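The values are calculated or read from the model by the stated rules, or taken from the named source; none is laboratory data. This structure is a prediction, so every number in the text was calculated from the model and none was measured. Don't worry about glycine lacking a Cβ; one is built from the backbone with ideal geometry, like all the others, and counts go over all protein chains shown. Accessible surface is based on the protein model in full, side chains and every heavy atom, while ligands, DNA and RNA are left aside. Shrake-Rupley method; radii C 1.70, N 1.55, O 1.52, S 1.80 Å.
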Amino acid sequence: MKLWKVIKMEFKMIAANRAFIILTIIGPFLILAVTVLPSYLAMKSSPEEKTVAIAGGDRELVTLIKESALHSGIEIVELPDNPEILKSRLLNEEIDGYVILPGEIKSATTVNYVTSTGADWATIEKLQGIIGSAVTMLKLREAGVPTDRVGEIMTRPRLVPKKLSKSGEERSEDYLTGFFTVLAFTVLLYMTILLYGQSIGRSVVMEKTQKTVEILLSSVRTDELLFGKILGSAFASILQYVFWIGVTVFSIKVFGPMLGLTLNIPLESRLLGYLVLYFLLAFFLYSSIYAALGAASSDEQNLGQLSWPLIIFLVLPMVSISVITSNPDGNFSVFLSLFPLTSPIVMFQRIAIGNPPVSSVLLSIGIILVTTAFTVVLSARIFKVGILLTGKRHTIREILRWLHYR
Amino acid sequence: MNQSKKPVIEVNDVYKYFGSVKAVDGVSFSVDAGEIFGIIGPNGAGKTTLLRMIMNIIGPDKGRILFNGGRLEERDKEKIGYLPEERGLYKKVKVLDMLVYLAELKGLERQVARKAAHLWLKRFGLQGWALRKVETLSKGMAQKVQFIASVIHNPLLLILDEPFAGLDPVSTDVLRDYIQEIRNSGGTVLFSTHNMEQAEKICSRILMVNNGREVLKGRLDEIKERFGRKTVTLEFEGSLEFLKKSELVAGISMYPRYAEVELTEDADPDLLFKLIATNADSLSVKRYELMTPSLHKIFVDQVALKKEREGRQ
């Protein structure tokens, strides 16, 4: 079968390419860098203890602040209420910041925290809690609440987020973990679709620039050549993809515990299944479009110019990630998860962060499949005419006219 | 290769338009088994489009193309060898692998293809290059490999689109010798060229096309007999101005030291010789040769004639 021979040749040419081999080997390291490194670094680097100076305020309040700050990661030191001393200590880096407590603290609505480097939100949050509790305790005491009861009154429950899965299982998962999971996989999908799509586009342009196309078409049909190239490239890409995911999962499972790191990203088989499914759907959709663009281009530079509108649809799910993860069932997310060019990535994002209805998932798959069938037919027509036209750039209008040629 | 005199290819009133461009506009001709047939015309005349339709790479808008008496089918591609004008090979693939791949696409078994590839490479003195990548070949070598790819499956018909374009003189001779060899062994060759000199040396029959339309077709010797006026070639020093006024002369293509003088229909070449002799004072003649007209001349005349007729209509 001639199609099979074209597939084999295409696969051989891609797999024997040095850049492909190098990328296959270093790929898992890139994936690990994107997925594991952030959690590894976050885990290894315990937050640094900050030293904050307190000036002014009465003795009772300062004592309460010091008590509240115990085990919080912030060390409170007392300094005289002299701006010159405070400033020089701060600029000499003896303290990380200082707070001058106003005389009428109980009625104050704001308190200034001065730093030399700009305050990080974690320290601000903690300091706000510490000073806030101390002031509230002071007020309670003054209102006549017995000192031994103040602590009890001040205790409040902590909110713990849990995620209910379809199977009814509840699991602790904070928003950030989910966000990073989606981000990591979105980057992976984006990178691979772009990489493989462009590789097919380039491979088609190469047939024109290396002038092999007409020799091949004297033996095979245009659609055999088109599908042979897409499928040959698909085999090489899927092999690389499976290798990457396999090595990455293996490394995390085997070497992760050895290094004493636990992964924040939940690598469930269900999610990996959807990842591969949506990767394949996106692969064939984008491959057929890139093949048509390749056939319509005169060289690689021209291909780059023609394909930028396509990249917008790949980038859109990346830039909308916070909107989609914070509201996976909102109108915007639902629209993008059904629009064929953004659907593979966005529907995967919705599945990873939330629980979209099965009907939506099936609908997105259906829409992508129908669109792919449609683009394959259009691409085959553009390919048939464009592949034989070398050495000249074509306008979009000309390319659309090709669709009517026999 | 087939030796009988029945048509291998029959093109019947074929049309192909690309938008408003009439690439092929009602062309008919046939190529008999065992002949070398040339499609001749300037660049953009529609030669490549015709060959692509015969190769079934693109379909005609109207008209029929028959191969060996039957409608041209996809599987007929295996019986035809094709060397397109725009030809190249995958740079990163080994020469042997490239040839085997192309031969397999022509329906050869892998082992047969390998054997044939080795034989052909040896024949062209490229046996040492079989396992090297295509990108290491010189331009001349690559052209030989491309030619091998078009004949490796021993086709019934060989189609060559501008085969001499871009070839150096040595490669041109090698290719011409090989086309001659195919004719001697009874093979059929259909080729296109804008180089009329090459066509004159090789073809038995020709089709002349211009702007997608037929200009002339038939046996080369008959065409020359029918359409050609006698031409005298002169190599000289001095001035030939006096010839322009002579009644014997229909036209002159003049170069500084060379001229092609076309005689009027009934003119006697001897009279021209005498006329030149009487002007020997202002002229020194190095060569005087009575020629049959070149295809190029016939082509230019016929195109001009057609234009004139169309203008009148």
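From the set of residues in region B:274-298 that are open to solvent by less than 60 Å² (accessible area, probe 1.4 Å) and among the β-branched types (Val, Ile, Thr), which is nearest to B:Met196 (Cα to Cα)?
B:Ile298
Cβ-Cβ distance below 6 Å, separation of 6 or more or different chains: which pairs start in region A:148-160 with a residue that is surrounded by 10 or more Cβ atoms within 10 Å (Cβ to Cβ) and end on one that is hydrophobic (A, V, I, L, M, F, W, C)?
Sorted first by the residue in region A:148-160, then by its partner, the pairs are A:Val150/A:Met137; A:Val150/A:Leu140.
Identify all residues within region B:73-84 that are more than 10 Å from every other protein chain (Cβ to nearest Cβ) and open to solvent by 30 Å² or more (accessible area, probe 1.4 Å); write none if there are none.
The initial filter retains those residues of region B:73-84 that are more than 10 Å from every other protein chain (Cβ to nearest Cβ), namely B:73, B:75-76, B:79.
Scanning region B:73-84 gives B:Glu73, B:Arg75, B:Lys79.
Six or more apart or on different chains, Cβ atoms under 7 Å: show the pairs whose first residue is in region A:1-21 and at the interface with chain B (Cβ under 9 Å from one of its Cβ atoms) and whose second is charged (D, E, K, R) and not in a helix (DSSP H, G or I).
Between residues of region A:1-21 that are at the interface with chain B (Cβ under 9 Å from one of its Cβ atoms) and residues that are charged (D, E, K, R) and not in a helix (DSSP H, G or I), the close pairs are A:Met13/B:Lys92.
Condition first: within 19 Å of A:Asn355 (Cβ to Cβ), part of a helix (DSSP H, G or I), β-branched (Val, Ile, Thr) and at pLDDT 70 or above. Can you find one or more residues in region A:169-183 that meet it?
Looking for residues that are within 19 Å of A:Asn355 (Cβ to Cβ), part of a helix (DSSP H, G or I), β-branched (Val, Ile, Thr) and at pLDDT 70 or above, one finds at least one in region A:169-183, hence yes.
Wholly within region B:27-84, which strands (runs of 3 or more DSSP E) include no fewer than the required count, namely at least 3 residues that are farther than 24 Å from B:Tyr178 by Cα, over 14 Å from the mean Cα position of the chain (by Cα) and at pLDDT 90 or above?
Of the strands (runs of 3 or more DSSP E) lying wholly inside region B:27-84, those with at least 3 residues that are farther than 24 Å from B:Tyr178 by Cα, over 14 Å from the mean Cα position of the chain (by Cα) and at pLDDT 90 or above span B:62-67.
Answer yes or no: is there a residue in region A:100-107 that is in a helix (DSSP H, G or I), within 18 Å of A:Arg59 (Cα to Cα) and open to solvent by 40 Å² or more (accessible area, probe 1.4 Å).
Residues of region A:100-107 that are in a helix (DSSP H, G or I), as a first pass: A:105-107.
Okay, now just the ones that are also within 18 Å of A:Arg59 (Cα to Cα), so A:105-107.
Remaining after also requiring open to solvent by 40 Å² or more (accessible area, probe 1.4 Å): A:106-107.
Yes, the conditions are met somewhere in region A:100-107.
Run A:Phe284 past the list (1) within 16 Å of the chain's Cα centre (by Cα); (2) closer than 21 Å to A:Leu226 by Cα and report the number of the one that doesn't hold.
For A:Phe284, the exception is condition (1).
How about region B:10-26: which of its residues are open to solvent by 70 Å² or more (accessible area, probe 1.4 Å), within 13 Å of another protein chain (Cβ to nearest Cβ) and not in a loop (DSSP other than H, G, I, E, B)?
B:Tyr17, B:Val21, listed by residue number.
Condition check: under 29 Å from B:Val27 (Cα atoms) and basic (Lys, Arg). Does B:Arg257 satisfy that?
Working: under 29 Å from B:Val27 (Cα atoms): no; basic (Lys, Arg): yes.
Answer is no for this residue.
Return the pairs, sorted by first residue and then second, in which the second residue is open to solvent by 10 Å² or more (accessible area, probe 1.4 Å) and among the polar types (S, T, N, Q), the first residue lies in region B:85-112 and is more than 7 Å from chain A (Cβ to nearest Cβ), the beta carbons are less than 8 Å apart, and the residues are 6+ apart or on different chains.
Listed pairs, sorted by first residue: B:Glu85/B:Thr48.
Which pairs have Cβ atoms under 7 Å, sit 6 or more apart or on different chains, and link a residue in region B:42-65 that is more than 12 Å from chain A (Cβ to nearest Cβ) to one that is surrounded by fewer than 23 Cβ atoms within 10 Å (Cβ to Cβ) and among the polar types (S, T, N, Q)?
Here the result reads B:Pro42/B:Asn210; B:Ala45/B:Asn210; B:Ala45/B:Asn211; B:Gly63/B:Asn12; B:Arg64/B:Asn12, each pair linking region B:42-65 to a residue that is surrounded by fewer than 23 Cβ atoms within 10 Å (Cβ to Cβ) and among the polar types (S, T, N, Q).
Go through region A:217-226 and give me each residue that's open to solvent by less than 10 Å² (accessible area, probe 1.4 Å), under 15 Å from B:Lys106 (Cα atoms) and more than 7 Å from every other protein chain (Cβ to nearest Cβ). Lay out the reasoning, then the answer.
Here is the first cut: in region A:217-226, the residues open to solvent by less than 10 Å² (accessible area, probe 1.4 Å) are A:217-220, A:225-226.
Then keep just the ones that are under 15 Å from B:Lys106 (Cα atoms); that gives A:217-220, A:225.
Within region A:217-226, A:Leu225 is the sole residue that qualifies.
Identify, by number, the condition in (1) part of a helix (DSSP H, G or I); (2) open to solvent by less than 40 Å² (accessible area, probe 1.4 Å) that B:Leu89 doesn't meet.
(1)
The rows are residues; the columns are (1) under 23 Å from A:Leu225 (Cβ atoms); (2) within 14 Å of another protein chain (Cβ to nearest Cβ); (3) not aliphatic (A, V, I, L, M).
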{"position": "B:Gln127", "(1), (2), (3)": "no, no, yes"}
{"position": "B:Leu137", "(1), (2), (3)": "no, yes, no"}
{"position": "B:Gly166", "(1), (2), (3)": "no, yes, yes"}
{"position": "B:Pro169", "(1), (2), (3)": "no, no, yes"}
{"position": "B:Gly186", "(1), (2), (3)": "no, no, yes"}
{"position": "B:Thr193", "(1), (2), (3)": "no, no, yes"}
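Which of the residues spanning region A:309-366 are of a type in the set (Phe, Trp, Tyr) and more than 16 Å from the chain's Cα centre (by Cα)? Quick ask: steps written out before the conclusion?
Step one: filter region A:309-366 for residues of a type in the set (Phe, Trp, Tyr), giving A:313, A:332, A:335, A:339, A:348.
Listed by number, the residues that qualify are A:Phe332, A:Phe335, A:Phe339.
Can you tell me which condition B:Leu158 does not meet? The list is (1) touching a Leu at 6+ places or on another chain (Cβ under 9 Å); (2) more than 16 Å from B:Lys79 (Cβ to Cβ); (3) open to solvent by less than 70 Å² (accessible area, probe 1.4 Å); (4) not in a helix (DSSP H, G or I), and all the others hold.
So the condition that B:Leu158 fails would be (2).
Which count do you get for residues in region A:331-371 that are surrounded by 13 or more Cβ atoms within 10 Å (Cβ to Cβ) and outside any helix (DSSP H, G or I)?
Residues meeting the conditions: 7.
Exactly one condition in (1) within 14 Å of chain B (Cβ to nearest Cβ); (2) farther than 30 Å from B:Glu86 by Cβ is not met by A:Leu388; state its number.
Unmet for A:Leu388, out of (1) within 14 Å of chain B (Cβ to nearest Cβ); (2) farther than 30 Å from B:Glu86 by Cβ: (2).
Among the residues of region B:139-164, write down those that are at positive phi and within 13 Å of chain A (Cβ to nearest Cβ).
Kept after step one, since they are at positive phi, are these residues of region B:139-164: B:154, B:162.
B:Glu162 - this is the single residue of region B:139-164 that is at positive phi and within 13 Å of chain A (Cβ to nearest Cβ).
Hey, among the residues in region B:113-125 that are open to solvent by less than 10 Å² (accessible area, probe 1.4 Å) and within 27 Å of B:Ala165 (Cβ to Cβ), which one's farthest from the other protein chains (Cβ to nearest Cβ)? Walk me through how you get there before you give the answer.
Going through region B:113-125, the residues open to solvent by less than 10 Å² (accessible area, probe 1.4 Å) turn out to be B:113, B:117, B:121.
Add one more test, that the residue is within 27 Å of B:Ala165 (Cβ to Cβ), and what stays is B:117, B:121.
On the way: B:Ala117: 15, B:Leu121: 17 Å.
The extreme case among them is B:Leu121.
Kindly indicate whether any position in region A:189-201 is within 14 Å of another protein chain (Cβ to nearest Cβ), part of a helix (DSSP H, G or I) and modelled with pLDDT of 90 or more.
no
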